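The values are calculated or read from the model by the stated rules, or taken from the named source; none is laboratory data. What you see is a predicted model; the values in this text were computed from it and never measured. Here the Cβ is made from the backbone with ideal geometry for all residues, glycine too, and neighbour counts use every protein chain on show.
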Amino acid sequence: MELPFAFKHHLANQSVIVGKEAVQPLSGFPEIIEELKAWSGTETDGVAISYFFRQYALFITAQFDAIATSGLYFSGTWKDLQFSRIRKYGYPLLETHTDPALFVPVTQSDRFKAFHHILSEQTDAFIQEFRKHAKISPVILWENVLGSVLWFYANLEQRDPRRAAEDIEWLMDSGNWAPVRKSYLAAMVGNATLQQAVTQPLRRTCCLYKELPDFDTCTFCPVAT
């Protein structure tokens, strides 16, 4: 389908590029881990992978945003994505490149099927692939992704509280995540409201950004000293 320019522009503002080849692409496994270490400035596999998922969180968040605001989403798996190294404002960042042919319409009544695909095939399966090649806690990576998703829903709540509440209710139910073993969002948020989730310490793990030369300790780092 032909995607509107405004839609592609909105995605680009979230570091998601549609229909363009990556200029400095990352390789596949296992080479990607060494490339991420060199690009982010660390000698540690786990730090590099955590850095990657902080960047990848923008794509996953953009998926929930696209479903809510445009009725579209990227229907491929992580294997259909390409990643490009890019420097912005002096920082080593990543962009996610997508094939426009894999964006499909999704109705509001079917959006939860899309949610499940995002959680299972675009996030959990990707986490498990990285974990085949290096040791890293899945909790760190899920919290990297979901921290960004929570920010989106905290903002959506101001515009459409009913929609935000319905989506979060679905995401908090572990039964909806199968075969993922639990709702990592429920484990992260507990009984906190959306506004509490983005204005107070919530994470149980450190995203490890503080270990990178170009990034600082996060405001709500659970292990900051």
Check: Tell me, which helices (runs of 4 or more DSSP H) lie completely within the stretch 154-215 with 2 or more residues that are among the polar types (S, T, N, Q) and farther than 19 Å from THR123 by Cβ?
Finding: 194-197
Next item on the list: May I ask you to verify whether ALA38 is small (Gly, Ala, Ser), within 23 Å of PRO213 (Cβ to Cβ) and over 19 Å from the mean Cα position of the chain (by Cα)?
Entry: yes
Next item on the list: Could you check, for the stretch 59-77, whether at least one of its residues is charged (D, E, K, R) and in a helix (DSSP H, G or I)?
Entry: yes
Margin query: Considering only the stretch 67-76, I want to know if a residue exists there that is more than 18 Å from the chain's Cα centre (by Cα), in contact (Cβ under 8 Å) with a residue 60 or more places away in the chain, crowded, with 16+ Cβ neighbours inside 10 Å and more than 30 Å from ALA38 (Cα to Cα).
Written below: yes
Next item on the list: Would you check if THR42 is touching a residue at least 12 places away in the same chain (Cβ under 8 Å), at negative phi and not in a helix (DSSP H, G or I)?
Entry: yes
Next item on the list: Look through THR123, THR96 and report the one residue that is surrounded by 14 or more Cβ atoms within 10 Å (Cβ to Cβ), more than 21 Å from TRP170 (Cβ to Cβ) and in contact (Cβ under 8 Å) with a residue 24 or more places away in the chain.
Entry: THR96
Item checked: Failed item, numbered, when HIS133 is tested on (1) surrounded by fewer than 19 Cβ atoms within 10 Å (Cβ to Cβ); (2) modelled with pLDDT of 95 or more; (3) not in a loop (DSSP other than H, G, I, E, B) -> (3)
Item checked: Candidate set from the stretch 135-166 (those that are closer than 29 Å to TYR209 by Cα and of a type in the set (Asp, Glu)); member that is nearest to the chain's Cα centre (by Cα) -> GLU143
Margin query: Given the options GLY28, GLY19, name the one that is modelled with pLDDT of 95 or more, farther than 24 Å from CYS206 by Cα, touching a helix residue (DSSP H, G or I) at 6+ places or on another chain (Cβ under 6 Å) and small (Gly, Ala, Ser).
Written below: GLY19
